[in-house]
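The structure appears right after this line, and notes come after that.
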Amino acid sequence: MRLDKFLKVSRIIKRRTVAKEFADQGRIDINGKEAKASSTVKANDVLVLHFGGNRTVTARIDRIQETSKKDEAAEMFTILSDVKEANSLL
């Protein structure tokens, strides 16, 4: 499945166009490699999403589904870490 579609179906990002722009800005890594919206994802891949300048979310893909209901979407992935970095004043 394409990365942008997975992000939308799993409801990590609400709109596919936003997911596409987010990925194409180089803000997502799959298994340690920078990913584009068209990158293929599969079960057990680890995604690192860089939101803004101070929040990083790491998630493992548990399963792939073409469609999902709201309550099923959260079962498609597991959040491994959600780090909010404080701005350092140097």
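Brief remarks follow.
- Loop GluC sites (Glu not before Pro), the range 37-90, which have at most 15 other Cβ atoms in a 10 Å radius of their Cβ (DSSP): 66, 85
- Here the Karplus relation 6.51 cos²θ - 1.76 cosθ + 1.60, evaluated at θ = phi - 60°, turns the backbone of the range 68-75 into coupling constants of 7, 8, 3, 6, 7, 4, 5, 7 Hz, with x for every Gly and Pro.
- In the distance distribution for the chain, Cα-Cα pairs more than 18 Å apart total 40 percent.
- Length-normalised contact order of the range 1-44 in % [C-alpha pairs under 8 Å, at least 6 apart]: 43 percent
- Our helix-only sum for the chain, with -39,500 (n - 2.57) per DSSP H run of n ≥ 4 divided by its residues, gives a mean residue ellipticity at 222 nm of -5500 deg cm²/dmol.
- Inter-probe distance in nm under a simple model that places probes 7 Å from Cα toward Cβ, at residue 44 and residue 71: 3.0 nm
- 14 Å beta-carbon shell around residue 70, net charge (K/R +1, D/E -1): +1
- Sites excluded, trypsin sites (Lys or Arg not before Pro) in DSSP loops with at most 13 other C-beta within 10 Å, longest stretch of the chain: 16-41
Coordinate-derived values only; no laboratory data. Because the structure is predicted, anything quoted here is derived from the model rather than measured. Positions of Cβ are backbone-derived with ideal geometry, glycine not excepted, and every protein chain shown enters the neighbour counts.
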